[in-house]
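The values are calculated or read from the model by the stated rules, or taken from the named source; none is laboratory data. Values in this document were obtained by computation on a predicted structure and should not be read as measured data. We place every Cβ from the backbone using ideal geometry, glycine too, and count neighbours over all the protein chains shown.
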Amino acid sequence: MAARGKDPDPPPPAALTCASPAECSLSSTQSHTVCMVSDFFYPNMGGVESHIYQLSQCLIERGHKIIIVTHAYGNRKGVRYLTNGLKVYYLPLKVMYNQSTATTLFHSLPLLRYIFVREKVTIIHSHSSFSAMAHDALFHGKTMGLQTVFTDHSLFGFADVSSVLTNKLLTVSLCDTNHIICVSYTSKENTVLRATLNPEIVSVIPNAVDPTDFTPDPFQRHDDVVTIIVVSRLVYRKGTDLLSGIIPKLCLKYPDLNFIIGGEGPKRIILEEVRERYQLHDRVHLLGALEHKNVRNVLVQGHIFLNTSLTEAFCMAILEAASCGLQVVSTRVGGIPEVLPESLIILCEPSVKSLCEGLEKAISQLKSGTLLPPADIHNIVKTFYTWRNVAERTEKVYDRVSREAVLSMDKRLDRLISHCGPVTGCIFALLAVFNFLFLVFLQWMIPDSLIDVAVDASGPQSTWGRQCSYSKQRDQNSSEPSKTR
Amino acid sequence: MEDELSFSDICGGRLALQRRYYSPTCREFCLSCPRLSLRSLTAVTCSVWLAAYGLFTLCENSMILSAAIFIILLGLLGYLHFVKIDQETLLIIDSLGIQMTSSYASGKESTTFIEMGKVKDIIINEAIYMQKVIYYLCILLKDPVEPHGISQVVPVFQSAKPRLDCLIEVYRSCQEILAHQKATSTSP
């Protein structure tokens, strides 16, 4: 985190707060048509997927029209509708690696253009820097003169070859994007440095948890023993090696200590070795891969949640654990210190010694009874991160973006050449010109007037369950701001 | 009663929709595409001939020229007989069922009939087709095993591919008849 000292200005919240209440009320009446693009969406499971889904649902509730574009998953291709008329396009594009599509920058233009035109999209919102389709959509959106927003969900390094390359591509992709959203200030810092961006067009909107999914249940845990829960993928990044050092140390010291470890990964073998060597079969339980809906049932069995991540943009796991009323012990890396207030989390350095001290502190607090009861922790956490709040803040980004002008073609080329270095800049400027010519060709082949405008399933002209949902939507819209503000 | 409306297909070509109302419970919709135009026929013939002459000057074998004649003749026959559909008709009769007829440019006709008992509903659906996302009209068939399931989706006007405004016109009329059919089949 050497970069922290270099960043001169404190994180400017200007992008997220309205200048005056009048402007707020004026802008919230404006309805946007947003197209969320990412390679990652249900039925694939993960953080980005649920983020897109929850955010879309809350934006629909606020009266915007949302569509989602992703690639086909097996037999699931074509057009599907989810709850509340959320329309999902599963496009038949080839998957290359790790659920990410191949990119040639051009082949997806005809279909994406057709969708943008028929849905009358005004804002393109791409998610995740690992998704090739998201970058393609940004590129095409800018060529078509639409507003673009990008959400970054992950942290990267700067040193190795692959991250140097991805950082270069990110620079090219983001240099003419209207607005970028990051999930934590650390992630913002990282993205600004990686993509050499102007920090003023980067906003921070954290993730959220659904507090009703993660409720405490103190009767599930046994109070005669202390149970430590770990739920993470068992990979190097998540610090499984640290965990294997902690387990024997603490188990020797406290005879009434149990570990429950959920998750799967290549490092599982290390934990099994430790369990074997120290004969801890009855005290260390390895549950293997967990489905997201079962995570809560595991969490409520414990008293303390341990997170040993070595890098993390915004840690959802500790938030879910705190929402279930557990005391959280975590490493002080990435965006983790921003997530919870000091009273709810014990932060340690990413070393076995420091983590053991942190855990011992938590255990002694637990035994002396100075920890907050689970229900109290839940009630505190529940107010911090809600999807409604995320949607409200995202809406402000959309309002701001929709007032901005889209760069014209010549300005965009200038920006590319001046911003991305002489070689890369020129190559991508050339590609942008080709893309524009391709678009002109497509517009000649199939003029916009020949494309049928799609029937809206969400948004102000929604035809989805018209009778009942209209009155319901009004109710929610009027009651909601008072709840979240 | 009979009337004719003009619509366009998804590529911008002209389509004519003829509606014939024989009785309140029997209607016919007839979509006709423009016939094979002399211009496109000439263009294809010329390009094949140019290619043939090009090859002929290269290898100086007159077999190529005669082959070109055969290719054009057989291609044209095949195209008219198997590919080019001039007219697609949807006949819906309340008490009987739905009949779909497509007549090829050569005069060949192929007919499918679906009896009313098998029809679950008629809907407009969206599909991704050749770099496009299009609307199409289709008939849902009941699953004989499971009463609420759908066993098959039969697309209508498959070759004409009319635009949404035309589909809505046909859809409304079909729904009227289906509603009438449901009302009469449940009342006795």
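Can you find, within the stretch A:43-76, the residue that is farthest from the other protein chains (Cβ to nearest Cβ) among those that are surrounded by fewer than 19 Cβ atoms within 10 Å (Cβ to Cβ) and part of a strand (DSSP E or B)? If we take residues in the stretch A:43-76 being surrounded by fewer than 19 Cβ atoms within 10 Å (Cβ to Cβ) and part of a strand (DSSP E or B), then A:TYR73 is farthest from the other protein chains (Cβ to nearest Cβ). Considering only residues that are within 14 Å of chain A (Cβ to nearest Cβ), surrounded by fewer than 21 Cβ atoms within 10 Å (Cβ to Cβ) and closer than 21 Å to B:ARG19 by Cα, which ones fall in the stretch B:145-163? Result: B:PRO155, B:ARG163. In the set B:THR42, B:THR101, B:THR57, only one residue is away from chain A (no Cβ under 14 Å) and in contact with an Asp or Glu (Cβ under 7 Å, 6 or more places away or on another chain); that residue is B:THR101. Filtering the stretch B:116-134 to residues that are more than 7 Å from chain A (Cβ to nearest Cβ) and not in a loop (DSSP other than H, G, I, E, B) leaves B:MET116, B:GLY117, B:LYS118, B:VAL119, B:LYS120, B:ASP121, B:ILE122, B:ILE123, B:ILE124, B:ASN125, B:TYR129, B:ILE134. A:GLU404 - would you say it is modelled with pLDDT of 85 or more and crowded, with 18+ Cβ neighbours inside 10 Å? When the stated conditions are applied, A:GLU404 does not pass them.
When you check B:PHE113 against the structure, is it aromatic (Phe, Trp, Tyr), without any contact (Cβ under 8 Å) to a residue 24 or more places away in the chain and more than 11 Å from every other protein chain (Cβ to nearest Cβ), yes or no? In short, yes.
Among the residues of the stretch A:77-86, write down those that are more than 9 Å from chain B (Cβ to nearest Cβ) and outside any helix (DSSP H, G or I).
Listed by number, the residues that qualify are A:ARG80, A:TYR81, A:LEU82, A:LEU86.
The residue that is surrounded by the most Cβ atoms within 10 Å (Cβ to Cβ), counting only those in the stretch B:16-75 that are charged (D, E, K, R) and free of Cβ contacts under 8 Å to residues at least 60 places away in the same chain, is B:ARG20. Within the stretch A:185-202, can one find any residue that is touching a His at 6+ places or on another chain (Cβ under 6 Å) and under 25 Å from A:LEU340 (Cα atoms)? No: zero hits.
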